[in-house]
1. Return the residue satisfying two criteria in turn: it lies in region 66-75 and is part of a loop (DSSP other than H, G, I, E, B) and open to solvent by 60 Å² or more (accessible area, probe 1.4 Å), and of such residues it is modelled with the lowest pLDDT.
2. Hey, could you check region 94-117 for residues that are within 29 Å of Pro58 (Cα to Cα) and among the charged types (D, E, K, R) and say which is least open to solvent (accessible area, probe 1.4 Å)?
3. Going by the structure shown, is Asn57 touching a Lys or Arg at 6+ places or on another chain (Cβ under 9 Å) and under 23 Å from Asn24 (Cα atoms)?
4. Can you find, within region 30-65, the residue that is surrounded by the fewest Cβ atoms within 10 Å (Cβ to Cβ) among those that are part of a strand (DSSP E or B) and small (Gly, Ala, Ser)?
5. Of all residues in region 40-71, which are under 14 Å from Trp111 (Cα atoms) and hydrophobic (A, V, I, L, M, F, W, C)?
6. Tally up the residues in region 76-93 that are loosely packed, with under 12 Cβ neighbours inside 10 Å and closer than 19 Å to Thr43 by Cβ, please.
7. Would you mind finding the one in Leu79, Leu98, Leu55 that is in contact with a helix residue (DSSP H, G or I) (Cβ under 8 Å, 6 or more places away or on another chain) and aliphatic (A, V, I, L, M)?
8. So which residues in region 60-81 are of a type in the set (S, T, N, Q) and farther than 16 Å from Lys93 by Cα?
Amino acid sequence: MSGLENMRTRLNYQGGNRQIDRMNEDKLRSLKKALLYSYQSATAILADGREFRCLINPDQIKNLYDNKYISIPFEDICLNERELDPSIIKPKKTSEGLQEIGMKPGDIFTWKENGTD
């Protein structure tokens, strides 16, 4: 393998040839790690009962209101897939089990840790 082929392989692994694609992959990778290790990580229960990890951050601009921002990936692994469908023997906790979350602006969800909507 020549040096150029090696570099091409490394670029493709990091997200592709374009810089914007690599930046987006890096942002997604850092969001996934923050969902696991950040103190701001939480569990969102959607209207259909599915549970997903998310980040809930306070609004730093306006301290007058209790506004929060949610950061959630477009698709992730459902945390309670087995509870929703008892026919599932072993839930998929890898990239095979990715589901589209489908959350839109204005959707109401429940913050599992403190029970607020």
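1. Here is the first cut: in region 66-75, the residues part of a loop (DSSP other than H, G, I, E, B) are 66-67, 72-74.
Remaining after also requiring open to solvent by 60 Å² or more (accessible area, probe 1.4 Å): 66-67, 74.
On the way: Asp66: 75, Asn67: 81, Phe74: 90.
The extreme case among them is Asp66.
2. Asp107
3. On the way: touching a Lys or Arg at 6+ places or on another chain (Cβ under 9 Å): yes; under 23 Å from Asn24 (Cα atoms): yes.
So Asn57 passes the test.
4. At the first step, the residues of region 30-65 found to be part of a strand (DSSP E or B) are 41-45, 51-58.
Pick out the ones that are also small (Gly, Ala, Ser) and you get 41-42, 44.
Numbers: Ser41: 15, Ala42: 20, Ala44: 22.
So, considering only residues that are part of a strand (DSSP E or B) and small (Gly, Ala, Ser), the one surrounded by the fewest Cβ atoms within 10 Å (Cβ to Cβ) is Ser41.
5. Within region 40-71, Ala42, Ala44, Ile45, Leu46, Ala47, Phe52, Cys54, Leu55, Ile56, Ile70 qualify.
6. Step one: list which residues in region 76-93 are loosely packed, with under 12 Cβ neighbours inside 10 Å, which gives 85-87, 89-90, 93.
Filter once more, so that each one left must be closer than 19 Å to Thr43 by Cβ: 85, 93.
Count: 2.
7. Details: Leu79 fails: in contact with a helix residue (DSSP H, G or I) (Cβ under 8 Å, 6 or more places away or on another chain); Leu98 fails: in contact with a helix residue (DSSP H, G or I) (Cβ under 8 Å, 6 or more places away or on another chain).
The unique qualifying residue is Leu55.
8. Just the residues of region 60-81 that are of a type in the set (S, T, N, Q), to begin with: 60, 63, 67, 71, 80.
Those that are of a type in the set (S, T, N, Q) and farther than 16 Å from Lys93 by Cα: Gln60, Asn63, Asn67, Ser71.
The values are calculated or read from the model by the stated rules, or taken from the named source; none is laboratory data. Quick caveat: nothing in here was measured; it's all calculated off a predicted structure. Every residue, glycine as well, gets a Cβ built from its backbone with ideal geometry; the counts of neighbours run over all protein chains shown. Just the protein is used for accessible areas: all its heavy atoms, side chains included, with ligands, DNA and RNA removed. Shrake-Rupley method; radii C 1.70, N 1.55, O 1.52, S 1.80 Å.
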